[in-house]
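J.: Please see the structure below; I have some questions.
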Amino acid sequence: MSAREAILARVRKAAGGAEGREAAVAARLAGNGPHAPRPAQARSEGAARLELFEAKARAADATVARIATVADLPAALAAELRARNLPATVRTGADPLFVGLDWGAVERTEGVGRLEEPATLSRAEFGLAETGTLALASGPMNPVTLTFLGETHFVALPTADVMAGFEDFWAAWRARGLDPRTLNFVTGPSRSADIGQTLQLGAHGPVALHIFLIG
Amino acid sequence: MTAHQPTSRQFKKNVTAALANENLQRAMRSTQSGFVGKRAKARDALPEFDSLRDAARDLKNHTLAHLDLYLERYETEVKASGGHVHWAETAGDARRIVLDICRAAGAKTVNKGKTMISEEIGLNAHLEENGVRAVETDLGEYIIQLRGEAPSHIIAPAVHVTVPEVDALFRKTHAHLPADRDLSELPTMLAEARAVLRQKYFEADVGVTGANMLIAETGQSVIVTNEGNGDLSQSLPRVHIVLASIEKIVPTLEDAATVLRVLARSATGQEMSVYTTFSRGPRRAEDPDGPEEYHVVLLDNGRTGMLGTEFQDMLRCIRCGACMNHCPVYQAVGGHAYGWVYPGPMGAVLTPSLIGVEEGGQLPNASTFCGRCESVCPMRIPLPKMMRHWREREFEKHLAPAASRYGLRFWGFFAARPALYRRATGLAARALAALGRGRGRFAALPLAGGWTRSRDFPTPAPKTFMQQWKER
């Protein structure tokens, strides 16, 4: 008997021969299982939702700026790079949001993350207001390595894509029909408390995370 | 390096050494308030927290009752995404599978995100013995790998190491850097480790990570980290191997969210950890990065033997570490005293289940039964009850030390004879009360040295409860 069969046989034996197991599992997988309670902080609407998203992202040590339209992104990014004493260059993927823009003084290069990457820019598919979390889909539009190798990671997020919490997020995610290799939830810049139990930002991933909320 | 053999049998000896270890005691004192206060704050900030714990418990119970069906669906989904699923009955099987994948990939170096299953199966030593270098990338795991140690906490593996020890370690290990460099600030130390490990991500041929969850509906594996090392370990090498035990399955994406809502809050007090990554299969044809091969090793190693027994509830554990953060015994002795991979209350239940009551049977005795572990467990696992079950088994198998066996038999003799018991305890209470009159406590008592060495023994009331009850 293969290891697979041996393990499954032991699990089946413990489960017993109860009737209706297949039906119970099929129902749950079809989304008809019991619903866990939906926290109040995952029910925000409208302007309050955007305020909550911003507040939660800041609480997780991200910084957030609102810009009116995507056309304002290059100038806003240039100002941020200057203020942070970073070179006027940024690494991005091929996201249509970035490709059509006039980047002016900022040198934008396209590709995956490299060993030294002072600034990277990604577009998030969604935001989750309940925790100030970004949801990014990996792929040619937004290579996953840009999310982790940028010393400073900039993320663009249209306000229309800010969801209240996991409940409406998963529904929207399924509706968009995406199937990336990774779905990356990001809540603030990387951190570690492994030396002396003292929390420090910038472990292996970005030292800083800056979100441009567009619209 | 060599594999860490279990030392749980000599738990008492380990404890004595831990209590006398000043460095360890200093490190443990500095962590005590942190985790507990942060969890309490996170719980208070979410009114639905306790009802989410109920939902998390229920969803895991449901999954365990139908684990075979969910495992089959999970496997189908992974295969559909182009990934491979390997089933491992034992730790040895899992080691062999991982080594075979590494050999097929021609791997010289393996980068590792944090995985407790890797510790459980002793992967690093096995790879090294076979000429494959394993590099831990979680900062805490990196530190203990350099020290040749096992983790002492499941989410804070280097919690027992002090800052001066890290300083000395980095100077010794990073010998290519100037010897007179200034490491006095913590951010400098972190930056140094970051720079050293950043290079290694690009050199590794294989990346190994654990999994916080496996999702049956989609075939995704989920990792939750704060550093980003697990993501670099799985995105840059050509091959990604996920090590996961079979009970990590949850049915759907919505179920995963329920677990996430209680996991980070219970562990570090964060609402969400920094990085939560859902991975499905290898990179797509159009993807510019990500691994070309995706393997999942599904480990049993004793877990199916827990199904249908009084220890099944333990399989709900999501490895948050809250039980050990709140355990007075763990806080006093640290994780290494437990002698194997899983310390604290969850380890006291899991260790005898996975490596046998002969080896781990002493651990369930390391509890005051104060119940804090159960009261903070996000999955509502009845840890004290299960420790009691192990104590019974240890006693039945005649594994308890002679002193406690004779002591219990002596007590049992009286307990089975109520009249005699009342007379004897009444006599003892009167004698002790008379001896201790005026003082209220004893600094030393014959046969009670184990108690009075670290605290006074209170003088009992002159009459027992039963005597007082009768006189009412």
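The values are calculated or read from the model by the stated rules, or taken from the named source; none is laboratory data. Owing to the predicted nature of the structure, the values given are computational and were not obtained by experimental measurement. Cβ placement follows ideal geometry from the backbone for every residue including glycine, while neighbour counts extend to all protein chains displayed. Ligands, DNA and RNA are stripped out before the accessible areas are found, and what is left, the full protein with its side chains, is counted by its heavy atoms. Shrake-Rupley method; radii C 1.70, N 1.55, O 1.52, S 1.80 Å.
J.: Does B:Ile241 count as within 12 Å of chain A (Cβ to nearest Cβ), open to solvent by less than 30 Å² (accessible area, probe 1.4 Å) and in contact (Cβ under 8 Å) with a residue 40 or more places away in the chain? Show your work before the answer.
T.: Working: within 12 Å of chain A (Cβ to nearest Cβ): no; open to solvent by less than 30 Å² (accessible area, probe 1.4 Å): yes; in contact (Cβ under 8 Å) with a residue 40 or more places away in the chain: yes.
It is false that B:Ile241 is within 12 Å of chain A (Cβ to nearest Cβ), open to solvent by less than 30 Å² (accessible area, probe 1.4 Å) and in contact (Cβ under 8 Å) with a residue 40 or more places away in the chain.
J.: Something else now. When the residues of the stretch B:50-74 are narrowed to those that are in contact (Cβ under 8 Å) with a residue 24 or more places away in the chain and charged (D, E, K, R), which ends up nearest to the other protein chains (Cβ to nearest Cβ)?
T.: If we take residues in the stretch B:50-74 being in contact (Cβ under 8 Å) with a residue 24 or more places away in the chain and charged (D, E, K, R), then B:Arg73 is nearest to the other protein chains (Cβ to nearest Cβ).
J.: Exactly one condition in (1) at the interface with chain A (Cβ under 10 Å from one of its Cβ atoms); (2) at pLDDT 95 or above; (3) under 23 Å from the mean Cα position of the chain (by Cα) is not met by B:Ala27; state its number.
T.: The number of the failed condition is (2).
J.: Please find, within the stretch A:167-215, the residue that is nearest to the other protein chains (Cβ to nearest Cβ) out of those that are part of a loop (DSSP other than H, G, I, E, B), in contact with a strand residue (DSSP E or B) (Cβ under 6 Å, 6 or more places away or on another chain) and closer than 17 Å to B:Thr218 by Cα.
T.: A:Pro180
Residue-by-condition table, conditions (1) open to solvent by 10 Å² or more (accessible area, probe 1.4 Å); (2) within 16 Å of B:His4 (Cα to Cα); (3) among the charged types (D, E, K, R):
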site: B:Met324; (1), (2), (3): no, no, no
site: B:Gly334; (1), (2), (3): no, no, no
site: B:Ala337; (1), (2), (3): no, yes, no
site: B:Pro345; (1), (2), (3): no, no, no
site: B:Ala348; (1), (2), (3): no, no, no
site: B:Ile355; (1), (2), (3): yes, yes, no
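J.: So which of A:Gly17, A:Gly46, A:Gly33 is on the phi > 0 side of the Ramachandran plot and either touching a Phe, Trp or Tyr at 6+ places or on another chain (Cβ under 9 Å) or not hydroxyl-bearing (Ser, Thr, Tyr) (or both)?
T.: Residue meeting the stated conditions: A:Gly46.
J.: Something else now. Find the residue count for the stretch A:36-60, including only residues that are acidic (Asp, Glu) and touching a strand residue (DSSP E or B) at 6+ places or on another chain (Cβ under 6 Å).
T.: Taking the stretch A:36-60 as the starting set, the residues that turn out to be acidic (Asp, Glu) are A:45, A:51, A:54.
In the following step, the residues that additionally are touching a strand residue (DSSP E or B) at 6+ places or on another chain (Cβ under 6 Å) were identified as A:54.
Count: 1.
J.: Being assigned to a loop (DSSP other than H, G, I, E, B) and within 20 Å of B:His336 (Cα to Cα) is the filter; apply it to the stretch B:156-189 and report the residue that is farthest from the other protein chains (Cβ to nearest Cβ).
T.: B:His160
J.: Do the conditions hold for B:Glu141, that is, is it closer than 25 Å to B:Cys323 by Cβ, buried (at least 23 other Cβ atoms within 10 Å of the Cβ) and facing another protein chain (nearest Cβ under 7 Å)?
T.: In short, no.
J.: Within the stretch B:192-210, does at least one residue satisfy the condition of being away from chain A (no Cβ under 13 Å), under 24 Å from B:Ser266 (Cβ atoms) and either open to solvent by 20 Å² or more (accessible area, probe 1.4 Å) or in a loop (DSSP other than H, G, I, E, B) (or both)?
T.: yes
J.: Same structure again: For the stretch B:13-50: of the residues being among the hydroxyl-bearing types (Ser, Thr, Tyr) and open to solvent by 50 Å² or more (accessible area, probe 1.4 Å), which is farthest from B:Ala264 (Cα to Cα)?
T.: The qualifying residue farthest from B:Ala264 (Cα to Cα) is B:Thr16.
J.: Also, I was wondering about something else. I'd like the full set of residues that are farther than 25 Å from B:Phe442 by Cβ and either among the acidic types (Asp, Glu) or assigned to a helix (DSSP H, G or I) (or both), limited to the stretch B:392-419.
T.: B:Glu392, B:Arg393, B:Glu394, B:Phe395, B:Glu396, B:Ala402, B:Arg405, B:Arg409, B:Gly412, B:Phe413, B:Pro418, B:Ala419
J.: Please verify whether B:Glu292 is closer than 29 Å to B:Leu315 by Cα and open to solvent by 20 Å² or more (accessible area, probe 1.4 Å), treating the condition exactly as stated. Don't jump to the end; show me each part of the working.
T.: Details: closer than 29 Å to B:Leu315 by Cα: no; open to solvent by 20 Å² or more (accessible area, probe 1.4 Å): yes.
In short, no.
J.: Please verify whether A:Glu110 is acidic (Asp, Glu) and at pLDDT below 95, treating the condition exactly as stated.
T.: Against the criterion (acidic (Asp, Glu) and at pLDDT below 95), A:Glu110 does not qualify.
J.: So, restricting to helices (runs of 4 or more DSSP H) that lie completely within the stretch B:1-79, which ones have at least 1 residues that are under 23 Å from A:Gln41 (Cβ atoms)?
T.: Once the helices (runs of 4 or more DSSP H) in the stretch B:1-79 are filtered for at least 1 residues that are under 23 Å from A:Gln41 (Cβ atoms), what remains is B:22-44, B:49-65.
J.: Within the stretch B:80-110, work out how many residues are more than 18 Å from B:Asn124 (Cα to Cα), aliphatic (A, V, I, L, M) and surrounded by 18 or more Cβ atoms within 10 Å (Cβ to Cβ).
T.: Residues in the stretch B:80-110 being more than 18 Å from B:Asn124 (Cα to Cα), aliphatic (A, V, I, L, M) and surrounded by 18 or more Cβ atoms within 10 Å (Cβ to Cβ): 1 in total.
J.: For the list (1) in a helix (DSSP H, G or I); (2) under 27 Å from A:Ala62 (Cβ atoms), I need the number of the one condition that B:Val222 fails.
T.: (1)
J.: Restricting to the stretch B:250-290, name every residue that is touching a His at 6+ places or on another chain (Cβ under 9 Å) and not acidic (Asp, Glu).
T.: Residues satisfying the conditions are B:Pro251, B:Ser279, B:Pro282, B:Gly290.
J.: Please go through the stretch A:174-215 and pick out each residue that is in contact (Cβ under 8 Å) with a residue 40 or more places away in the chain and among the basic types (Lys, Arg).
T.: A:Arg176, A:Arg181, A:Arg191
J.: I need a count of the residues in the stretch A:104-117 that are of a type outside the set (Lys, Arg), open to solvent by 50 Å² or more (accessible area, probe 1.4 Å) and on the phi < 0 side of the Ramachandran plot.
T.: Number of matching residues: 5.
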